[in-house]
Amino acid sequence: MSKRASKRRFTACAVTTAIVALTATASMTPARAEDPGITDNEILIGMFGPLSGPLIAYGIDPVQAAKMLYEEANKKGGIHGRKIRLIVEDDKCSPNDIVSVVKKFVTIDKVFMLHGGSCTAAVSAAADYINREKIPYAMLNAAGDNAVFPPTRYVFGSFQGTQRAYAAAFATFGAQFLKAKRAAVIVHDDEYGKANAAMARATFEKFGVEVVIIERIPPNISDLTAPMLKIREAKPDVILSGAYPAPAVLIAQKYAEFGMTAIPLLQAAQGIPTPSVFAKNVANPEALENFYYTWAFNDIGDAAVRTKYIDLFKSYNNGREPGPFMMSGIPSAVAVLAALDAAGRDLTREGFVNAMEKLNLKFDAMPGPLEFGPKRRDGARTMVIIKYDGKTQKVMPGTYTWDGKEAN
Amino acid sequence: MYGSLRASEFVGVLAILVAGFALPFMLPEYFLYTGNMLMTYAVLAIGLDLLIGWSGQFAFAHIAFFGIGIYGTAILESRLGVPYLLSALASALIAGGAGLLIGFPAARLKTVYLALATYAFAECAQWVFRTWDPVTGGSDGLRFNPPVIFGYETGTDGAAFPVVAIILALVVTATLYLAKSKLGRHMCAIRDSEHVASASGIDVRGIKVATFAISAVFASIAGSAYTLFQSFINADVLGASQLVTVLTMVVIGGSSSIAGVLLGVVVVGFLPEILRAMPHSLLVWQEFIYGAILVAAIVFMPQGLWGLFRQRIAARPRRHDRSARESPAVRPVPETSP
């Protein structure tokens, strides 16, 4: 071999080695240097919810509940040595506001991930931007049917169940426990109602229950006389309601006024934010003689769980008693903490998303697991049913889990 | 034409265009998004001001036409593949046609009856947007792709910003011309006194109907601008609260003035962004603050911030002009400079 050839071979080897070494170094460099919102001792999370306006009840306590769990994690030393720092902003449950808040968090505050949102329509408006910018996002307590079906990579939600899960639980309960043969469904003419009605019909029909009437009402309806009379005419032996708080009260009042109390009335959780207030507003004990509602948590049946979270909440909020929506802020924060832990010290956005995707988490506050998968972005599918007579709440036997099969 | 436009009156238009092309290189996406929203609101508010401020018609169907612009453009462009500009034009024609249709009966109504009738139309339109599932996506909302204009893809706030600025500049220019036109003068005459206008030979009903149509077209253009930087629409956005926001912009800024409306848009549009940074214990007072500002504006600035500003400027030389001070107040004709 000539001296020149040997030199050429040496140069080629050196260049190849350098390229391989550079590539290897690049692949070993933690990607977190590229991901904003992470330092050696801090993870920055942008949190939002309705903290003002008419829907404040859906956001204020869940945000406080999630904050307290992050604080608790920080007290224990944080996640892999990093403390969690939160920036919290008000989204008013408005699509335009939520997009604005999300863009502020991402481009001005440069957060690592997003956690928030109590209203499905508003959350849906931000989903495209979140997926385009590849920002991990965990919903706070929005049911989020529209935001998680079809699933997208960066959006994780429904930590307390979708409308599909509520409707499937109720229809199963109605068919199996109450032995209903004829069902009536009353829902709103919005995305909640649409998902609720479709799943209720599919589940009832699966059990051979005839859906005799589906009434769709606007969320701002002020007189339920006509829909409730039509339901009475249809002679159902169970009524499933997916109404919001104010119409849910009107439904219960008319239900009693029209002498329908022999028929079980099943109300989805969103209509009964505070059971005692609901009973007071209905102002007719007869309306609650045969009344049930869905619930995604163990706090009603398990006094220890209830005391644990309420006491913790009070310790962070100057002794203030939480509203019942407080519990809905717990699961998403627990899931985020678990995924941050699973993602390890070399935290990246993609690593976090992968960890969320593999999550199958059971904990004391919920009757079923929080679970995601490559094609699943709705976390909770298991419900319990509560019987409420205006004074006492009794957890009905068993849990009710949606099997994940879509209604046709 | 009743008077020609001075070159200085286009300074504002030029400023909008310069900002439209320069700011995307200087600002992060959050500010560009806020800017896009404000420019969209500006087009919407200028359209509403034509009805309320210029011709004195208290009509509240404006958000319905905004919705027609959004849904029309999104459906035509994203689902049927019609080019963006044609989609926007078609939506504007549909909205203008709808404006004519409600303009004819509405022109016979006044005051609270007109307000109620047009508000009912807006509610009906929102119901259609929410329930016409196969077309509008119903209550699930409608997701749409970023428009492409002659190969230029919008969709990000930076890419959309210059296009929205051009739209605003065109709308402001059109309104400047309208202010100087015979139609603009007739609108003002009707606002000041329908009887006098009619006695002067002005076709009151025809002018009112035309104003409804032009205002609807402006609202539709705002809707088309909205689709440039958003990717999702739900009928919830097109409710009464949106109308109140735009109305507040017009009232606080100063009606029958382009500059006043733009000022109102900036003040009211930025307010939520500023209030959002308030301590959380004070956030619940936001609605109260909005209400207080609106009441204060009506009581202390009946002609809005811009009117107050002009009054202050006008008052200065009058200190030295006794005769001018003693002359009776005359309501100014619409301000045309942006």
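All but one of (1) within 7 Å of chain B (Cβ to nearest Cβ); (2) surrounded by 24 or more Cβ atoms within 10 Å (Cβ to Cβ) hold for residue A:95; state the number of the condition that does not hold.
Failed condition: (2).
Wholly within segment B:231-290, which helices (runs of 4 or more DSSP H) include no fewer than the required count, namely at least 3 residues that are within 8 Å of another protein chain (Cβ to nearest Cβ), among the charged types (D, E, K, R) and closer than 17 Å to residue B:33 by Cα?
Because the criterion is at least 3 residues that are within 8 Å of another protein chain (Cβ to nearest Cβ), among the charged types (D, E, K, R) and closer than 17 Å to residue B:33 by Cα, no helices (runs of 4 or more DSSP H) in segment B:231-290 meet it.
Working only within segment B:186-203, note down all residues that are surrounded by 18 or more Cβ atoms within 10 Å (Cβ to Cβ), part of a helix (DSSP H, G or I) and touching a residue at least 12 places away in the same chain (Cβ under 8 Å).
B:186, B:187, B:188, B:189, B:190, B:191 - these are the residues of segment B:186-203 that are surrounded by 18 or more Cβ atoms within 10 Å (Cβ to Cβ), part of a helix (DSSP H, G or I) and touching a residue at least 12 places away in the same chain (Cβ under 8 Å).
Of A:325, A:363, A:297, A:352, which residue is assigned to a loop (DSSP other than H, G, I, E, B), crowded, with 18+ Cβ neighbours inside 10 Å and of a type outside the set (Gly, Ala, Ser)? Even if it seems obvious, please write down each step before you answer.
Values: A:325 fails: assigned to a loop (DSSP other than H, G, I, E, B); A:363 fails: crowded, with 18+ Cβ neighbours inside 10 Å; A:352 fails: assigned to a loop (DSSP other than H, G, I, E, B).
A:297 is the lone residue from the list that is assigned to a loop (DSSP other than H, G, I, E, B), crowded, with 18+ Cβ neighbours inside 10 Å and of a type outside the set (Gly, Ala, Ser).
For segment A:233-290, how many residues meet the condition of being in a loop (DSSP other than H, G, I, E, B), over 23 Å from the mean Cα position of the chain (by Cα) and farther than 23 Å from residue A:201 by Cα? Full working, then the answer.
Initially, segment A:233-290 is screened for residues in a loop (DSSP other than H, G, I, E, B), giving A:234-237, A:242-244, A:258-264, A:268, A:272-274, A:283-284, A:289-290.
Filter once more, so that each one left must be over 23 Å from the mean Cα position of the chain (by Cα): A:234-237, A:258-264, A:283-284, A:289-290.
Going one step further and asking which of them are farther than 23 Å from residue A:201 by Cα, we end up with A:258-259, A:283-284, A:289.
The qualifying residues number 5.
Considering (1) modelled with pLDDT of 90 or more; (2) closer than 30 Å to residue A:334 by Cα; (3) within 14 Å of chain B (Cβ to nearest Cβ), say which one residue A:191 fails and leave the rest.
(1)
Of everything in segment A:172-182, what is closer than 15 Å to residue A:294 by Cβ, among the hydrophobic types (A, V, I, L, M, F, W, C) and in contact with a strand residue (DSSP E or B) (Cβ under 7 Å, 6 or more places away or on another chain)? Give them in sequence order.
A:173, A:178
Got a number for residues in segment B:66-100 being crowded, with 19+ Cβ neighbours inside 10 Å and of a type in the set (D, E, K, R)?
1
Part of a helix (DSSP H, G or I) and within 11 Å of chain B (Cβ to nearest Cβ), is that true of residue A:108?
yes
Residue B:108 versus (1) assigned to a loop (DSSP other than H, G, I, E, B); (2) within 12 Å of another protein chain (Cβ to nearest Cβ): which is the lone unmet condition?
Of (1) assigned to a loop (DSSP other than H, G, I, E, B); (2) within 12 Å of another protein chain (Cβ to nearest Cβ), only one is false for residue B:108: (2).
Which members of segment A:130-158 meet the condition of being in contact with an Asp or Glu (Cβ under 9 Å, 6 or more places away or on another chain), of a type outside the set (A, V, I, L, M) and buried (at least 24 other Cβ atoms within 10 Å of the Cβ)?
Answer for segment A:130-158, where residues must be in contact with an Asp or Glu (Cβ under 9 Å, 6 or more places away or on another chain), of a type outside the set (A, V, I, L, M) and buried (at least 24 other Cβ atoms within 10 Å of the Cβ): A:136, A:144, A:145, A:146, A:156, A:157, A:158.
Can you find a residue in segment A:114-132 that is more than 12 Å from every other protein chain (Cβ to nearest Cβ) and hydrophobic (A, V, I, L, M, F, W, C)?
yes
How many of the residues in segment B:71-122 are of a type in the set (Lys, Arg) and within 20 Å of residue B:206 (Cα to Cα)?
2
Name, by its number, the condition in (1) in contact with a helix residue (DSSP H, G or I) (Cβ under 9 Å, 6 or more places away or on another chain); (2) of a type outside the set (Val, Ile, Thr); (3) within 12 Å of chain B (Cβ to nearest Cβ) that does not hold for residue A:153.
Unmet for residue A:153, out of (1) in contact with a helix residue (DSSP H, G or I) (Cβ under 9 Å, 6 or more places away or on another chain); (2) of a type outside the set (Val, Ile, Thr); (3) within 12 Å of chain B (Cβ to nearest Cβ): (3).
Given the conditions (1) of a type in the set (Val, Ile, Thr); (2) closer than 18 Å to residue B:50 by Cβ; (3) within 14 Å of another protein chain (Cβ to nearest Cβ), which single one is not true for residue B:118?
Tallying (1) of a type in the set (Val, Ile, Thr); (2) closer than 18 Å to residue B:50 by Cβ; (3) within 14 Å of another protein chain (Cβ to nearest Cβ), residue B:118 fails exactly one: (3).
Tell me, which helices (runs of 4 or more DSSP H) wholly within segment A:117-187 include 2 or more residues that are under 22 Å from residue B:33 (Cβ atoms) and of a type outside the set (A, V, I, L, M, F, W, C)?
Numbers: elements: A:120-133, A:145-148, A:163-172.
Once the helices (runs of 4 or more DSSP H) in segment A:117-187 are filtered for at least 2 residues that are under 22 Å from residue B:33 (Cβ atoms) and of a type outside the set (A, V, I, L, M, F, W, C), what remains is A:120-133.
Can you report the number of residues in segment A:41-92 which are assigned to a loop (DSSP other than H, G, I, E, B) and either over 20 Å from the mean Cα position of the chain (by Cα) or within 10 Å of chain B (Cβ to nearest Cβ) (or both)?
13
Could you please give the count of residues in segment A:277-309 that are in contact (Cβ under 8 Å) with a residue 12 or more places away in the chain and over 23 Å from residue A:161 (Cα atoms)?
Qualifying residue count, segment A:277-309: 11.
Can you tell me which residue in segment A:257-269 is modelled with the lowest pLDDT, limited to those that are touching a strand residue (DSSP E or B) at 6+ places or on another chain (Cβ under 9 Å) and of a type outside the set (Val, Ile, Thr)?
Per the stated criteria, the residue is A:269.
Return the residues of segment A:166-202 that are β-branched (Val, Ile, Thr) and either without any contact (Cβ under 8 Å) to a residue 60 or more places away in the chain or not assigned by TED's automatic domain parsing to the domain that holds residue A:271 (or both); say none if nothing qualifies.
A:185, A:187
The values are calculated or read from the model by the stated rules, or taken from the named source; none is laboratory data. Remember, predicted model here, so these are calculated numbers, not experimental data. Virtual Cβ from ideal backbone geometry, glycine too; neighbours counted across all protein chains shown.
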